[in-house]
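Visitor: Quick one: this structure, given as C-alpha cells, is what I'll be asking you about.
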Amino acid sequence: MVHFSDIQSLRASLQFLAFSEAYLEAAGQLCGALAASLAESTYPKGAVVMSITFHGIELFLKAAILEKAPNEQFSGNVGHDLDHLHKRYANLYPGNKHAFEVPFRDEEVVLVNPDPRILEELKLRIAEHKRATPADQLHRYPRDTGGNPWEGLYSFEASSFAGVIGQVQEDITRLKELIFNG
C-alpha cells in the first residue's frame, strides 16, 4: 500500500510535480494502448487521455510557479487556464532555456491592418467560445453544464497524440533539472 505521507514532507511545488508526472505517465500508457489496438480506441478513452494530459501540464505549470512563488494562489477559472498559467510561468522563467510548447493553448491570430470593428467582434466571439467551452472541462465531460453538447468538432488519434505526450514529458524532464534541481 502507498500513502500520501510518501510525498507529504516535500515542498508543495514538488508534490505538484510528482502528480504532474504521474498524470502524464498514465496518459502515455493509455494512449499507447489505444494506439496499439484500434478496436480499443474510442473517443471517450481518447478524451480521458487528453483530459489527464491537460491536467498533467496544468500541474507542472503550477509546480514551476510554486517553486518561484510559494504563496501563489490558483483560484477561480484562471487556475485551470493553461494560457494564463503559461503566461505566469513565462514571466517567472523568461528566456529560451525555460521555453516549451504547451498543447491545448489558444493560438493567437495576427491580422494585418484589421478593421477595428471586425477585430472587436472577433475578440468577443473568441471570449464567448472560451466561456462556452472551457478547455479544462471539454475532455472531462460529454456535455456542458447546461446539458448541451459541446460546440465544435472534436476528435482523437492515439498514434499522433502519443507524440504530443512524449514531447511534453521530454520537456518536463529537461525543465525539471533546470527549475527544481538547479
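The values are calculated or read from the model by the stated rules, or taken from the named source; none is laboratory data. The model shown is predicted, which means the values in this text are computed figures rather than measured ones. All Cβ positions, glycine included, derive from the backbone under ideal geometry; neighbour counts span all protein chains shown.
Visitor: Sort out which residues of region 19-36 are surrounded by fewer than 14 Cβ atoms within 10 Å (Cβ to Cβ) and touching a helix residue (DSSP H, G or I) at 6+ places or on another chain (Cβ under 9 Å), and write them in order of number.
Guide: 22, 36
Visitor: Follow-up question, since we're still on this one. Assess whether residue 66 counts as being touching a Ser or Thr at 6+ places or on another chain (Cβ under 8 Å) and under 20 Å from residue 138 (Cα atoms).
Guide: no
Visitor: Can you tell me which residues in region 148-182 are β-branched (Val, Ile, Thr) and surrounded by 14 or more Cβ atoms within 10 Å (Cβ to Cβ)? Spell out the reasoning first.
Guide: Taking region 148-182 and keeping what is β-branched (Val, Ile, Thr), we get 164-165, 168, 172-173, 179.
Once the filter is applied, which keeps residues that are β-branched (Val, Ile, Thr) and surrounded by 14 or more Cβ atoms within 10 Å (Cβ to Cβ), region 148-182 yields 164, 165, 168, 172, 179.
Visitor: In addition: Let me spell it out: the conditions are (1) surrounded by 14 or more Cβ atoms within 10 Å (Cβ to Cβ); (2) without any contact (Cβ under 8 Å) to a residue 12 or more places away in the chain; (3) not in a helix (DSSP H, G or I), and residue 74 meets all of them except one. Which number is the exception?
Guide: (2)
Visitor: Out of all the residues in region 66-79, is one or more modelled with pLDDT of 95 or more, closer than 29 Å to residue 157 by Cβ and among the small types (Gly, Ala, Ser)?
Guide: Taking every residue of region 66-79 in turn, none turns out to be modelled with pLDDT of 95 or more, closer than 29 Å to residue 157 by Cβ and among the small types (Gly, Ala, Ser).
Visitor: Moving on. Could you run through region 1-46 and say how many residues are more than 30 Å from residue 179 (Cα to Cα) and assigned to a helix (DSSP H, G or I)?
Guide: Residues flagged as more than 30 Å from residue 179 (Cα to Cα) and assigned to a helix (DSSP H, G or I) within region 1-46 amount to 8.
Visitor: In addition: Out of the residues in region 81-121 that are within 21 Å of the chain's Cα centre (by Cα), of a type in the set (Asp, Glu) and in a loop (DSSP other than H, G, I, E, B), state the one that is nearest to residue 54 (Cα to Cα).
Guide: Going through the qualifying residues, I end up with 81.
Visitor: Here's another thing I want to ask about it. Kindly provide the set of residues from region 123-136 that are touching a residue at least 12 places away in the same chain (Cβ under 8 Å) and either loosely packed, with under 13 Cβ neighbours inside 10 Å or not acidic (Asp, Glu) (or both), ordered by number.
Guide: 126, 129, 130, 132, 133, 134, 135
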